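S.K.: Submitted below is the structure of interest, expressed as structure tokens.
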């Protein structure tokens with residue numbers, strides 16, 4: 001700690017979800033000591049990243065593509081248990097096993113230019129001075145709520161996927177689900193047996209993907225997202241370019257008419273939604289399954305955003321500032337992508353701290 005009360009470390013990791021823990025693991029593995037050389041800050045009050053907030057009906061057996069954190073497998077998990085419990089317990093065990101010493105709850109307010117070429121990280125628990133930052137704040141804290149005419153007049157309930165309580169709460173209600181991603185279809189299939197009626201609306205027609213999603217297809221999808229990030233555009237999710245898997249549950253939902261997609265409505269009325277031309281659907285609830293945006297407002301003082309709305313990256317490194325690495329952002333916003341990004345960020349940071357040039 002220096003004489004201003006600001007604590008000095010080499011690296012600050014913001015966020016302790018999959019990406020942040022992967023980064024912290026690789027720091028630890030390559031000789032960085034927690035609290036002395038790096039610190040991990042997490043805004044949640046307990047381990048689990050965004051997983052701890054998932055709805056109770058999303059059991060571990062329904063989770064697709066959950067890759068273990070580096071160095072420690074997730075074994076013997078009960079597929080019938082809520083994923084929020086299984087993965088939170090796994091993350092907790094991981095933090096303790098590798099002695100990562102996550103500080104929580106800590107809110108990061110701003111990252112700005114500090115003294116002597118260092119970064120100043122201002123938080124609810126004081127300030128840190130760092131030579132590099134691994135930003136792993138994810139998206140869960142920034143649910144995206146579209147705006148539509150008449151929204152404020154709606155007499156029913158509006159909620160976002162981030163607040164989804166499970167299907168039982170919609171018993172006997174008319175529910176409009178907005179969004180063509182995986183969460184929208186999952187919510188619809190769960191809610192339909194309980195609701196009086198459901199209506200599914202999306203801005204674009206959904207794309208259903210048949211056949212296996214193999215490694216080659218995965219790489220191609222990630223490459224499309226990565227290209228947006230390279231151009232400084234706001235990232236889209238990997239799911240947005242892969243389409244929805246046409247599994248048995250989806251096929252049944254289509255056959256039963258639950259997944260009967262309607263075009264986006266034009267306005268919201270006090271008792272439902274309405275399209276130009278006069279079509280109306282009554283609703284008690286509008287559920288916005290409209291995704292999330294990257295939680296990066298705390299980086300605003302560094303002026304990293306491009307005109308396209310995103311932060312231009314080379315790998316995980318911000319092109320505008322070599323000290324800043326974004327993991328779990330854009331192409332690395334998946335569990336396997338987060339693991340790889342954490343390793344790549346630490347490799348690059350080690351070169352930075354050693355005074356080595358950028359990798360070719």
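S.K.: Out of the residues in segment 59-88 that are farther than 23 Å from residue 343 by Cα and in a helix (DSSP H, G or I), which is modelled with the lowest pLDDT?
M.R.: Restricting to residues being farther than 23 Å from residue 343 by Cα and in a helix (DSSP H, G or I), the top hit is 62.
S.K.: Out of segment 93-119, which residues are in contact with a helix residue (DSSP H, G or I) (Cβ under 9 Å, 6 or more places away or on another chain) and assigned to a strand (DSSP E or B)?
M.R.: Result: 108, 109, 110, 111, 112, 113, 119.
S.K.: Looking only at residues in segment 325-336 that are out of contact with any helix residue (DSSP H, G or I) (no Cβ under 6 Å at 6 or more places or on another chain) and either outside the structural domain of residue 300 (by TED's automatic domain parsing) or surrounded by 24 or more Cβ atoms within 10 Å (Cβ to Cβ) (or both), which one is farthest from residue 292 (Cα to Cα)?
M.R.: Residues of segment 325-336 out of contact with any helix residue (DSSP H, G or I) (no Cβ under 6 Å at 6 or more places or on another chain): 326, 329, 333-334, 336.
Next, from what is left, pick out any that are either outside the structural domain of residue 300 (by TED's automatic domain parsing) or surrounded by 24 or more Cβ atoms within 10 Å (Cβ to Cβ) (or both): 326, 329, 333.
Details: 326: 16, 329: 12, 333: 12 Å.
It comes out as 326.
S.K.: Could you grab me the full set of residues in segment 26-43 that are surrounded by 21 or more Cβ atoms within 10 Å (Cβ to Cβ) and either touching a strand residue (DSSP E or B) at 6+ places or on another chain (Cβ under 7 Å) or under 21 Å from residue 122 (Cα atoms) (or both)? Can you show your working first?
M.R.: Keep residues of segment 26-43 that are surrounded by 21 or more Cβ atoms within 10 Å (Cβ to Cβ), which gives 26-27, 38-42.
27, 38, 39, 40, 41, 42 - these are the residues of segment 26-43 that are surrounded by 21 or more Cβ atoms within 10 Å (Cβ to Cβ) and either touching a strand residue (DSSP E or B) at 6+ places or on another chain (Cβ under 7 Å) or under 21 Å from residue 122 (Cα atoms) (or both).
S.K.: Tell me, yes or no, whether segment 255-262 has at least one residue that is part of a loop (DSSP other than H, G, I, E, B) and more than 30 Å from residue 150 (Cα to Cα). Break it down into steps so the answer makes sense when it comes.
M.R.: Pass one, segment 255-262, residues part of a loop (DSSP other than H, G, I, E, B): 256-260.
Now narrow it down to the ones that are more than 30 Å from residue 150 (Cα to Cα): 256.
Checked against the condition, which is being part of a loop (DSSP other than H, G, I, E, B) and more than 30 Å from residue 150 (Cα to Cα), segment 255-262 yields at least one hit.
S.K.: Keeping to segment 1-18, report how many residues are modelled with pLDDT of 95 or more, in contact with a helix residue (DSSP H, G or I) (Cβ under 9 Å, 6 or more places away or on another chain) and not in a loop (DSSP other than H, G, I, E, B).
M.R.: Here the count works out to 4.
S.K.: Please work out which residue is farthest from residue 160 (Cα to Cα), limiting yourself to segment 33-55 and to residues that are free of Cβ contacts under 8 Å to residues at least 40 places away in the same chain, in a loop (DSSP other than H, G, I, E, B) and touching a helix residue (DSSP H, G or I) at 6+ places or on another chain (Cβ under 8 Å).
M.R.: First pass over segment 33-55, keeping only residues free of Cβ contacts under 8 Å to residues at least 40 places away in the same chain: 33, 36-38, 52, 54.
Restricting the remaining residues to those that are in a loop (DSSP other than H, G, I, E, B) gives 33, 36-37, 54.
After this cut, where a residue has to be touching a helix residue (DSSP H, G or I) at 6+ places or on another chain (Cβ under 8 Å) as well, the list is 37, 54.
Details: 37: 39, 54: 12 Å.
Restricting to residues being free of Cβ contacts under 8 Å to residues at least 40 places away in the same chain, in a loop (DSSP other than H, G, I, E, B) and touching a helix residue (DSSP H, G or I) at 6+ places or on another chain (Cβ under 8 Å), the top hit is 37.
S.K.: Of the residues 165, 146, 193, which is touching a residue at least 12 places away in the same chain (Cβ under 8 Å), under 29 Å from residue 332 (Cβ atoms) and surrounded by fewer than 24 Cβ atoms within 10 Å (Cβ to Cβ)?
M.R.: On the way: 165 fails: under 29 Å from residue 332 (Cβ atoms); 193 fails: under 29 Å from residue 332 (Cβ atoms).
Result of the check over 165, 146, 193: 146.
The values are calculated or read from the model by the stated rules, or taken from the named source; none is laboratory data. Note that the structure is predicted; figures quoted are calculated from it, not measured. FYI the Cβ positions are ideal-geometry reconstructions off the backbone, even for glycines, and counts take in every protein chain you see.
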